[in-house]
Amino acid sequence: MNRSGHKIEKYGIQFDSLLELDIYDEFLSRGIELKRGEPIEVFDAFKTPIFCYSNDNKKFEFKREKQSIKGVSYTPDFVLRVTEKTVNPKTGAERTDGYNVYIEAKGFANETFRYRWKLFKHWIDVYEPTSKMFLIKRRHNGRVKPKDNLARIEETRQIVDTIINIIYEK
């Protein structure tokens, strides 16, 4: 068995971790198929009119840096489309086309995740205020021992039960 944090392929899908696979399996066992997330540009690229100069640490000569600033994209692990009536919390308008549920399964977060997640929250607030977001963390991180498999599966079941209850407000 692969350890948490290692890429795993199943169903013709490349999962980044055992947690992602467990979440996908649990939703699938309930007849709900999650889609893999597509990259979302949460911060657009731009060119700055301001010139910036920096020196290298060996010589004290300044060189002009590029004026292009790269954009920042975020790719959620899973997206679930829920088709039911929603009310936009900002405008109070009722929509009948449904909303997206974004699910991020995070075992170990790298240093950029925290900032990308904040930018993604802002993007959701601006462009999809009726959507719901879930950041899933396991209680135990790291290696999963064979004796812990039942506990891991039960924890995943509880997580998915809670998500489904929140989505469908049961």
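Here are the numbers for this structure:
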quantity	calculated
Karplus (6.51, -1.76, 1.60) ³J(HN,Hα), θ = phi - 60°, over segment 20-27, in Hz, Gly and Pro reported as x	4, 4, 4, 4, 4, 4, 5, 5
The chain, helix-only ellipticity at 222 nm - DSSP H runs n ≥ 4, -39,500 (n - 2.57), divided by all residues, nearest 500	-9000 deg cm²/dmol
Hz values of 3J(HN,Hα) by residue in segment 29-37 - Karplus curve (6.51, -1.76, 1.60), Gly and Pro given as x	5, 9, x, 10, 9, 7, 9, 5, x
Sum of side-chain charges, R152 neighbourhood, beta-carbon under 9 Å (Lys, Arg +1; Asp, Glu -1)	-3
Too-long pairs where the Cα-Cα distance tops 29 Å, listed order kept, from K35/K66; K63/K121; K7/K132	K35/K66; K63/K121
Cα gyration tensor category, rounded, prolate or oblate, for segment 19-104 with a/c compared to 1.5	oblate
Equivalent ellipsoid semi-axes, the chain, via Cα gyration tensor eigenvalues times 5, rooted, Å	36, 26, 12
Of G107, G71, G92, the one that fluctuates the most in a GNM where the chain has Cα springs shorter than 10 Å	G92
Rounded FRET efficiency, nearest 0.05, which uses the C-beta distance separating H122 from I8 and R0 of 30 Å	0.45
Interchain or long-range residues, amide H under 5 Å from I40's placed H	Y74, T75
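FYI, it's all coordinate maths here, none of it is from the lab. All figures in this text were calculated on a predicted structure; none of them were measured in a lab. Note that each Cβ is placed from the backbone with ideal geometry, even for glycine, and that neighbours are counted across all protein chains shown.
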